[in-house]
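Right, one structure below, let's go through it.
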Amino acid sequence: MSSPAVTRIALVGPESCGKSTLAGALGDQLAGAGLPVARVDEYARRYYASRPYRPTLADVEAIAAGQLAAEAAAIAQGARLLICDSTVLTCVIWAEVAFGRASRVLAALNRPRDYALTLLPLPDLPWTYDPLRSHPDARDMLLARYRARLAEAGVPVAEIAGQGEARVAAARRALQNHGLAQFLR
């Protein structure tokens with residue numbers, strides 16, 4: 001017996017560009033579309049909740065595996081639409097910036113084609129401090145890395161700009177423009 005299809009929407013991008021806020025708003029709005037919806041939070045926050053933030057490449061690999069495990073857990077609980085606040089791509093870029101390279105483990109775990117659409121929020125919001133953020137002046141460089149990696153993967157991407165409801169409306173338009181209107185209510 002085959003399992004029901006699962007659709008994944010990814011949110012990736014530079015730090016402090018509103019990914020978590022947008023993921024929450026989209027999750028709330030899409031929850032009434034008739035499918036079981038799950039928001040898969042950024043696993044790095046859970047990972048560093050109980051340990052000091054001094055990342056190693058092994059930590060980044062563990063976070064990548066944890067992110068995928070969280071997606072699998074949401075699917076196992078019946079979710080058919082995942083709003084993923086981060087993906088392994090974030091870990092790949094994090095490793096490249098912090099350690100000069102992404103490991104073979106990260107390369108193997110990075111599966112950008114698993115996502116029906118990747119939303120790339122632009123860093124047009126003010127940077128705000130967070131203990132897991134460390135690049136307030138490098139958001140444009142990070143955005144360029146995300147754009148390059150996503151283009152290289154050849155996956156559907158929508159850049160999202162604006163603030164507040166305008167940002168959520170832009171994400172909803174992106175879903176509609178990429179054949180995912182069935183999830184909108």
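The values are calculated or read from the model by the stated rules, or taken from the named source; none is laboratory data. All values derive from a computational prediction rather than experimental measurement. Using ideal geometry, Cβ is built from the backbone for each residue, glycine included, and neighbour counts are taken over all protein chains shown. To get the accessible areas, we keep the full protein, side chains included, count just its heavy atoms, and leave off ligands, DNA and RNA. Shrake-Rupley method; radii C 1.70, N 1.55, O 1.52, S 1.80 Å.
Going by what's in this entry, would D124 be described as at negative phi, surrounded by fewer than 16 Cβ atoms within 10 Å (Cβ to Cβ) and touching a residue at least 12 places away in the same chain (Cβ under 8 Å)? So D124 passes the test. Filtered by the rule that a residue be open to solvent by 20 Å² or more (accessible area, probe 1.4 Å) and under 21 Å from C17 (Cα atoms), the stretch 172-185 gives R172, R173. Every test in (1) part of a helix (DSSP H, G or I); (2) in contact with a strand residue (DSSP E or B) (Cβ under 9 Å, 6 or more places away or on another chain); (3) not β-branched (V, I, T) is passed by L142 save one, and that test is (2). Being surrounded by 14 or more Cβ atoms within 10 Å (Cβ to Cβ) and within 16 Å of A98 (Cα to Cα) is the filter here; which residues of the stretch 137-171 pass it? Matches in the stretch 137-171: A138, R139, L142, L143, R145, Y146. For T118, state whether it is among the polar types (S, T, N, Q), in contact with a strand residue (DSSP E or B) (Cβ under 6 Å, 6 or more places away or on another chain) and crowded, with 19+ Cβ neighbours inside 10 Å. Yes.
Of the residues G100, G66, which single one is farther than 18 Å from L11 by Cβ and of a type outside the set (V, I, T)? Break it down into steps so the answer makes sense when it comes.
On the way: G66 fails: farther than 18 Å from L11 by Cβ.
Every option except G100 fails the conditions.
Where in the stretch 1-113 are the helices (runs of 4 or more DSSP H), entirely inside, with at least 2 residues that are within 28 Å of A169 (Cα to Cα) and open to solvent by 60 Å² or more (accessible area, probe 1.4 Å)? Don't jump to the end; show me each part of the working.
Numbers: elements: 19-30, 43-48, 57-76, 88-99, 104-109.
Per the criteria, 19-30.
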